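See structure below.
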Amino acid sequence: MAALTRVSGSVGLISLLNPPVNALSAAVRQGIVDTVRRAVSDPQVKSVVICGQNGVFCGGADIKEFGGHMSGPPLVPIFNTIEAADKPVVAAIEGSALGGGLELALACHYRITQSKARLGLPEVSLGLLPAAGGTQRLPRLIGVPAALDLITTGRHLTGAEALKLGIVDQVTDQNTVEAAVKFALSIPSGCNICRLHLSERPGVMQRVKKSAHGAIAPVACVQAVQAAATLPFTQGMQREQELMATLFGSGQARALQYCFFSQRVVSKWSSPSGSRWDTSKPKPVTKVGVIGLGTMGRGITVALALAGLSVVAVETQQQQMMAAQHAVSGMLERTARRRGVSLVGDQIRYSVELEAVADVELVIEAVFEDMALKEKLFKQLSTLCKADTLLCSNTSSLDIDHLASQTHSPQLVVGMHFFAPAHVMKLLEVVYGPRSAPQAVATAMELGKRMGKVSVAVGNCSGFVGNRMLMPYVEEASFLVEEGASPEIVDRALEEFGFPMGVFRMSDLSGLDVGWKVRKARGLVEPGQMSRVRQGRRYSPLGDLLCEQGRFGQKTGRGWYLYDSAGSREAQPDPWLQSFLEEYRARQGLVSRRIDSQEVLERCLYALINEGFNILQEGIAAGPEDIDMIYVFGYGFPRHRGGPMFYASQVGLAQVLQRLEHYQQLHPDIPHLRPSSLLRRLVSSGSPRIQRWREIIRMPHSSL
Ligand SMILES: CC(C)(COP(=O)(O)OP(=O)(O)OC[C@H]1O[C@@H](n2cnc3c(N)ncnc32)[C@H](O)[C@@H]1OP(=O)(O)O)[C@@H](O)C(=O)NCCC(=O)NCCSC(=O)C[C@@H](O)CCCCCCCCCCCCC(=O)O
């Protein structure tokens, strides 16, 4: 899995051979040991170049090996041998040098890189730290502050940025291996590991802990780099190994590695009709129409423009259109500045006429969530667009099949549900109906990928996957407040679990009126009424009552919390709300009781998870990975918990079932606490590993 050849007379060229990313599997590690030994002992070889096959240097350790028994030679002694070699060793970096790949390059004496190559130590995003010397060699090379930034965030650098930081010695736009060989021929033996500016950035641990939201790997990364600043190299390496040992077998590492593979699994979509990613060819798209330039339409326009597509942005109200144009330019400018790229924007054409989208290949509708308005629009689009134009809706909950039925070509209609802000949030739900053509799904998925989104294909139902599961979660939070919890108690439990914001702070941020509108549309709101049973099931009117008082959250300075002023973000507990809740409970005859964080987590999360099992059972999501990626990328579910379904598998399905049964007995009027039959089936099948759930879901069964 590694080959040695002699080039230019005296250079030993070692190539890693393990497509697609030359991961450091046991066989590759053995290959490096053998080839380095041969190169070092060959008197004809005066210097060595290490490169990767097929334009990729190395994607790091083989993550697939982490789940099983590790065999083969370990990396640390291999890299130490390279570093100690008495012949100069040069890394020729093309494509990617990530994790163990960059650590291999750091153990070499010199590094030459392609300007567009990606370099980084992303181990933290897998719940690990760079444990093949990365936490000790990088700070010694570029200083503690820069190394801490790279190791605790896991971010990737381009070759040009790596040169600026001093990670590499030369950047080339020519053939990297040839440049490295030329470089190797020109150098005397030596080593550029140095001990420079090893001072630590003050306060870094507090900052990292705060932004980690309970993840342990970033904290361990700081501890390892601190060791580089205070200990000799050998002891620093020992500390690195000890810290890695605490992370390696942790549930968080398993969860994060599951997320890595799940993100790739969801791109290989399939639907119950049998259409699949590998048999459906996307249609080429260069020009997209966006209709409706409110918050969502503006974000979608920016995301498309940043992906290099031509956009026709339509807003029929002149004034709104001018405001949108101004806002979009600002968003593009800020993003270009942040990314350090040149401004895009001249490929956006604005219009107040719907006819402007007549020649686009795909339209994304982003008008108000009003079925009558969308029906009318889809009818018009179906007539004025080209016959093969894909018509997509950004609706977050309305019926995609119904919209499709308004058009001449229902097979060309799919949902493209973005999340706000649409140019920032990574998630895209691609919603197919029974009539959606495989090519329409494939095209929307491909467009999402071009915009840098994690696109997940899901079936059509009310709320699709994300918002459908959110309903029971939010409802449980309100029920807990009726029963005696405060919004602070509920939010604290969820934030300590790892959500960036609890239910109530999130509701204040997005606006209480949003949910109120949805409940009104569903006929659930009875103004001024306090009844707690609606449409035959338990209902909490608390949110409606707050809206009736004009408490819409941050935008009005009052919601579940109190704010200094309208628009302020600093949430304070509100004494008014406390007395309001006491009065409400008294009028309802509810006796307030003490609710602890375990009950908050179980009721909110198990209700959400239970709905996830219903969704899997109905085939709305193809597998647990789809649900987990939707929650991690769209709803702030802590990535180090792997997503709701993975979390359930870690807690134990039997335990989740038993607690749902317990709560259902206490609250028989809450249907979403009734355990899903799929959950029961999985438990009676012995609670298999999450990777096996798809088999159980597909097995024929009787629900009798
Ligand atoms: C490289 C990429 C940027 C390429 O992206 P691209 O979009 O081109 O392609 P894909 O992402 O679709 O990938 C294609 C294909 O390849 C698979 N793959 C990618 N990378 C890896 C990998 N590193 N390992 C295995 N497989 C990989 C991917 O799954 C796709 O497969 P598919 O089937 O879907 O086609 C991009 O892929 C990328 O970002 N990759 C990951 C990069 C990364 O995170 N690297 C870091 C890896 S971790 C690491 O390197 C750790 C090191 O620090 C070494 C540490 C040594 C530790 C040894 C263990 C010590 C144990 C101590 C514990 C002791 C316990 C005790 O004492 O008891």
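No lab work stands behind these numbers, since they all come straight from the coordinates. Keep in mind it's a predicted model, so treat the numbers as computed, not measured. Ideal geometry is used to build each Cβ from the backbone, glycine not excepted, and the neighbour counts take in all protein chains shown.
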### Task
Using R₀ = 45 Å, calculate the FRET efficiency as 1/(1 + (r/R₀)^6) where r is the Cβ-Cβ separation of Arg680 and Arg593; round to 0.05.
0.95
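How much of the DSSP bridge set in the chain is antiparallel, in percent, rounded to the nearest 5?
Values: 18 of 65 bridges.
Beta bridges within the chain, antiparallel portion: roughly 30 percent.
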#### Entry: 26 Å Cα-Cα threshold exceeded, pairs from Lys283/Lys374; Lys453/Lys517; Lys64/Lys453
Lys453/Lys517
### Query
Where a Cα-Cα gap under 12 Å defines reach, which aspartates and glutamates qualify for Lys281, not counting those fewer than 8 residues away within the same chain?
Glu446
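So how many Å³ per residue does the convex hull of the Cα atoms of segment 381-517 work out to?
On the way: hull volume 17.2 nm³, N = 137.
Cα convex hull per residue, to the nearest whole number: 126 Å³.
Taking the highest mean first, how do the peptides 91-99, 78-86, 453-461 order by number of other beta carbon atoms within 10 angstrom per residue? Intermediate values should be presented prior to the final figure.
Numbers: 91-99: 28.0, 78-86: 16.7, 453-461: 23.3.
Ranked by mean Cβ neighbours within 10 Å, highest first: 91-99, 453-461, 78-86.
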## Note on the structure
Expressed in µm² per second, the diffusion coefficient of the chain from the Stokes-Einstein equation, with Rh the Kirkwood radius over alpha carbon pairs, at 4 °C and 1.567 mPa s, is 46 µm²/s
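At a 10 angstrom cut-off on C-beta neighbours, averaged per residue, how do the peptides 166-176, 567-577 rank from highest to lowest?
Most protected by this proxy first, the peptides run 166-176, 567-577.
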### Task
Check the straight Cα-Cα distances from Lys164 and name the aspartates and glutamates below 19 Å, setting aside those fewer than 8 residues away within the same chain.
Glu94, Glu103, Asp149, Asp173
### Message
If you split all Cα-Cα distances of segment 428-468 into 10 Å bins from zero, what percentages do you get per bin, shortest first?
### Response
31, 52, 17
### Query
Residue separation times 0.36 nm, minus the C-alpha to C-alpha distance between Leu384 and Thr230: what's the value?
48.5 nm
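Based on Cα coordinates alone, diagonalise the gyration tensor for segment 439-565, multiply each eigenvalue by 5, take square roots, and list the semi-axes in whole Å, largest first.
Working: eigenvalues 176, 75, 45 Å².
Value: 30, 19, 15 Å, ordered largest first.
On a full-extension model of 0.36 nm per residue, what is the gain between Arg585 and Ala84, subtracting their alpha-carbon distance, rounded to one decimal in nm? Provide the component values of the computation, followed by the final result.
Values: separation 501, 0.36 × 501 = 180.36 nm, distance 7.30 nm.
Length gained, Arg585 through Ala84: 173.1 nm.
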#### Entry: Two-site FRET efficiency, Ser115 against Thr279, from Cβ-Cβ distance with R₀ of 25 Å, rounded to 0.05
0.10
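For segment 249-304, what does the alpha-carbon gyration tensor say about shape, rounded, prolate or oblate, given a ≥ b ≥ c as the root eigenvalues, a/c under 1.5 as rounded, and a/b over b/c as prolate? Can you show the working numbers first?
Details: a/c = 3.16, a/b = 1.45, b/c = 2.18.
Oblate.
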### Query
With each pseudo-label sitting 7 Å past Cα toward Cβ, what's the Asp173-Arg537 distance in nm, one decimal?
6.0 nm
### Query
Scattering from the C-alpha atoms of segment 88-170 alone, worked out with Debye: what is log10 I(q)/I(0) at q = 0.10, 0.21, 0.22, 0.25 1/Å?
-0.18, -0.88, -0.98, -1.29
### Query
Which FRET efficiency, nearest 0.05, do Ala372 and Gln658 yield, Cβ-Cβ r, R0 51 Å?
0.65
### Task
Work out the length of the dipole vector of segment 8-140 about its Cα centre, built from +1 on the beta-carbon of each Lys and Arg and -1 on the beta-carbon of each Asp and Glu, and round it to the nearest 20 debye.
220 debye
#### Entry: Distance in nm between pseudo-label sites at Val352 and Glu570 (7 Å out along the Cβ direction from Cα)
4.3 nm
### Message
For Lys449, give me every one of the aspartates and glutamates with a C-alpha distance below 20 angstrom, ignoring sequence neighbours fewer than eight places off in its own chain.
### Response
Asp278, Glu361, Glu365, Glu429, Glu625, Asp626, Asp628
### Query
Could you list, bin by bin from short to long, the percent of Cα-Cα pairs of segment 35-94 in 10 Å steps?
18, 43, 32, 7, 0
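What is the dipole size for segment 2-249, taken about its Cα centre, with +1 at each Lys and Arg Cβ and -1 at each Asp and Glu Cβ, in debye to the nearest 20?
Details: 21 positive and 17 negative charges, 64 e Å.
Taking the Cα centre of segment 2-249 as origin, the dipole is about 300 debye.
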### Task
Find which of Ala648, Gln588, Gln617 sits farthest along the positive direction of the dipole of segment 544-686, computed with +1 on the beta-carbon of Lys and Arg, -1 on that of Asp and Glu, about the Cα centre.
Ala648
### More than 20 Å apart - percent of Cα-Cα pairs taken over segment 449-521
43 percent
## Note on the structure
Treating only Lys and Arg (+1) and Asp and Glu (-1) as charged, each at its beta carbon, one finds that the chain has a dipole about its Cα centre, in Debye to the nearest 20, of 900 debye
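What does the helix-only formula give at 222 nm for the chain: each DSSP H stretch with n ≥ 4 adding -39500 (n - 2.57), the total divided by the residues, and the result rounded to the nearest 500 deg cm²/dmol?
Working: 28 runs with 328 residues, N = 704.
Calculated at 222 nm, the ellipticity per residue is -14500 deg cm²/dmol.
Checking the a/c ratio against 1.5 first, then a/b against b/c, what shape does the Cα gyration tensor give for segment 270-356?
Numbers: a/c = 2.42, a/b = 1.50, b/c = 1.61.
Oblate is the answer for segment 270-356, as a/c is 1.5 or above yet b/c matches or exceeds a/b.
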### Net charge of neighbours whose Cβ lies under 11 Å from the Cβ of Ala92, counting Lys and Arg as +1 and Asp and Glu as -1
0
### Message
How compact is segment 2-249 by the rule of thumb for globular proteins, expressed as Cα Rg over 2.2 N^0.38 Å?
### Response
0.95
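Apply the Kirkwood formula to segment 374-458: the hydrodynamic radius equals the inverse of the mean of 1/r over all pairs of different alpha-carbon atoms; give it in Å with one decimal.
Values: mean 1/r = 0.0781 Å⁻¹.
Computed over Cα pairs of segment 374-458, the Kirkwood hydrodynamic radius comes out at 12.8 Å.
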### Task
Output the Kirkwood hydrodynamic radius of segment 287-459, Cα pairs only, in Å rounded to one decimal.
15.8 Å
### Task
Could you line up Ser382, Ser262, Ser436, Ser115 from fewest to most neighbouring Cβ atoms inside 10 Å?
Ser115, Ser382, Ser262, Ser436
### Message
7 Å from Cα along Cα→Cβ at both Arg692 and Arg334: what's the point-to-point distance in nm?
### Response
4.9 nm
